[in-house]
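Working notes for the structure below.
Every read-out reported here was derived from the displayed coordinates using simple, explicitly stated rules and does not represent laboratory data. Since we're looking at a predicted model, the values are computed, not measured. Quick reminder, even Gly has a Cβ in these numbers, built from the backbone with ideal geometry, and neighbours come from all protein chains shown.
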Amino acid sequence: MLRIRLFGPLQDVVGADRVELPHAGPITVSELWTLLEARYPDLSAWRTICRVAVDGRYVRAEAEITDPEEIALLPPVSGG
């Protein structure tokens, strides 16, 4: 089971602050996005601008996720 935390506007897109996806075995970040987009098509607009963190570390699209404690999708932020 993949447990994914969502932040900011991603929570509005999905309607929750976290989601769970059934999946066993390793998966790349790119494959994770594909699974998420299949379930939540409106997330596709965020794919190229969000960062993904696995267990507190940023990872790239080709990174393989194996047995994560936490996956987080982080949209860009701005402030002043």
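Before moving on, here are some points about what is shown:
- Test result for Leu35, in a helix (DSSP H, G or I) and touching a residue at least 60 places away in the same chain (Cβ under 8 Å): no
- In the stretch 1-16, the residue that is surrounded by the fewest Cβ atoms within 10 Å (Cβ to Cβ) out of those that are in contact (Cβ under 8 Å) with a residue 12 or more places away in the chain and part of a helix (DSSP H, G or I) is Pro9.
- When the residues of the stretch 38-80 are filtered to those that are aromatic (Phe, Trp, Tyr) and touching a residue at least 24 places away in the same chain (Cβ under 8 Å), the one that is surrounded by the fewest Cβ atoms within 10 Å (Cβ to Cβ) is Tyr40.
- Residues of the stretch 28-44 that are farther than 11 Å from Ala61 by Cβ and either in contact with a helix residue (DSSP H, G or I) (Cβ under 8 Å, 6 or more places away or on another chain) or of a type in the set (Asp, Glu) (or both): Leu36, Glu37, Tyr40, Asp42, Leu43, Ser44.
- Taking the stretch 56-80 as the range and being within 18 Å of Pro26 (Cβ to Cβ) and in a loop (DSSP other than H, G, I, E, B) as the test, the residues that pass are Arg60, Ala61, Glu62, Ala63, Thr66, Asp67, Pro68, Glu69, Glu70.
- Test: Val19 is in a helix (DSSP H, G or I) and surrounded by 13 or more Cβ atoms within 10 Å (Cβ to Cβ): no
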